[in-house]
Amino acid sequence: MSITNFSAARRAGFKITNRGIKKTAVIDMTKVATRTLFMAFNPASGHIAGGAAEATDGIFAAVTLVDASTSNIYITSKLPEEFIVADVILTWYWKSATASGDAKFTARLCAKADSEDIAETDNQTVTTTVNATANKLNKSQVTFDSSKFALDDWIGVMISRDPADVADTLGADLNVVGFVIEFTGRG
Amino acid sequence: MPLTNISAYRLAGHQIEDEDIDPDARLETSKFATRTLRKTIPAVACLKAGAGVVSVVSGSVLAGVTLPDANAGNLYMSFPKPAEYDSGDVVLKILWNSAATAGDLKLTSDIKTATTGSTTASGATDSGTDTADGTTTDLSELSITIAAADFNANEFIGLNISRDPTDVADDIAADVIVFAIAMEFTGRG
């Protein structure tokens, strides 16, 4: 019997004694409430391709996604044991020397297990208007549906910018300074 | 008042009520059951050594590092022993892929758990082999087990994952791409 209300237990005639408490009892982690957890990545620790180049931005390590050509950043990892199957939010922070225009990004996901195909699982696009003051941080975000993930999956994410896309009107380079993978987990 | 002896509390005539429960009480992590936890290191983030040991993309999304068939290749990483580690062996799970559809890949791990006064020489060597998937676009997972004694000795860890294609147990005869190294251990939290 689990005691969830001491007053009710007493009124029901139960006497609580030390013998009722198992000293070696431990808490089953499935009984711990879920919460939002994070995995963070330095973009410069990933693979970069196209026009992308490592840079520093203030005290931040950054990867520049240029305005002259398509640029890509890739990160590969594994879902943490704490992960439970739910939507996953990918957020990245960036800044630019321009104060107007939109940056359009494509985020690609590969969430797979041993013996599964290496092909892309999903992709999402997002267009973000740059901060009206130059050189301020901006945030872009996409959500990958829970149906794309299974427990213990290995995951790869790729962020790309194609400045030739008509929706990308930034007209300037931008520096990505951080990635965060936000997931629902236990622990 | 904290209820540290429930029998004594009751014998003294007290009745335990909801109000006796400290609303600021916290669960100690030591009371959590242990479970398998993991720390994952992207291969691209490792220090790379050896000719042709370079970061690449396989498929359209996954980035990794090539360990060539022509010469030895190494991936180096260093990190603190996870605070959540409790006990037991540690299993390295390594995600990899190759254009080959037959043959075995052998990877070797050299680990050192160090502290003040330690050297940085390898403390233990372990290895694992895995047969290439029959489909070139499919992923494979290789496991290496590190004994608890070789992991738990000290607090700071150096780890080298290497491939020696001249090893007789490595007969895949092709370059391989290592994507990430997941270190799985029994931990609490």
Review point. Given the structure, is B:VAL65 crowded, with 21+ Cβ neighbours inside 10 Å, modelled with pLDDT of 95 or more, part of a loop (DSSP other than H, G, I, E, B) and of a type in the set (A, V, I, L, M, F, W, C)?
Key: no
Check your understanding: B:VAL53 is checked against (1) buried (at least 18 other Cβ atoms within 10 Å of the Cβ); (2) in a strand (DSSP E or B) and fails just one. What number does that condition carry?
Key -> (2)
Check your understanding: Taking only pairs six or more apart or across chains, which ones have beta-carbon atoms under 7 Å, a first residue in region A:141-166 that is free of Cβ contacts under 8 Å to residues at least 40 places away in the same chain, and a second residue that is aromatic (Phe, Trp, Tyr)?
Key -> none
Revision key, fill the gap. Exactly one of A:PHE105, A:PHE83 is farther than 20 Å from B:ILE41 by Cα and crowded, with 22+ Cβ neighbours inside 10 Å, and that residue is A:PHE105
Review point. Would a scan of region A:48-56 turn up a residue that is assigned to a loop (DSSP other than H, G, I, E, B), more than 30 Å from A:LYS31 (Cβ to Cβ) and at pLDDT 95 or above?
Key: yes
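One line per residue, one yes/no per condition, for (1) at the interface with chain A (Cβ under 9 Å from one of its Cβ atoms); (2) in contact with a Cys (Cβ under 8 Å, 6 or more places away or on another chain):
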residue	(1), (2)
B:ALA12	no, no
B:ILE21	yes, no
B:ALA25	no, no
B:LYS31	yes, no
B:VAL61	yes, yes
Practice item. Would you confirm whether any residue within region B:26-39 is in contact with a Ser or Thr (Cβ under 6 Å, 6 or more places away or on another chain) and surrounded by fewer than 20 Cβ atoms within 10 Å (Cβ to Cβ)? Key: yes
Review point. Mind checking whether some residue in region B:105-124 is within 14 Å of chain A (Cβ to nearest Cβ) and crowded, with 18+ Cβ neighbours inside 10 Å?
Key: yes
**Study point:** Candidate set: region B:1-21, residues that are surrounded by 10 or more Cβ atoms within 10 Å (Cβ to Cβ) and out of contact with any Ser or Thr (no Cβ under 9 Å at 6 or more places or on another chain); chosen: the one modelled with the lowest pLDDT
**Key:** B:LEU3
**Study point:** Residue check for B:ASN152: away from chain A (no Cβ under 14 Å), over 24 Å from A:HIS47 (Cα atoms) and crowded, with 17+ Cβ neighbours inside 10 Å
**Key:** yes
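The values are calculated or read from the model by the stated rules, or taken from the named source; none is laboratory data. This is a predicted model, so every value here is computed, not measured. For neighbour counting, all protein chains shown are included, and Cβ atoms are generated from backbone atoms with ideal geometry for every residue, glycine included.
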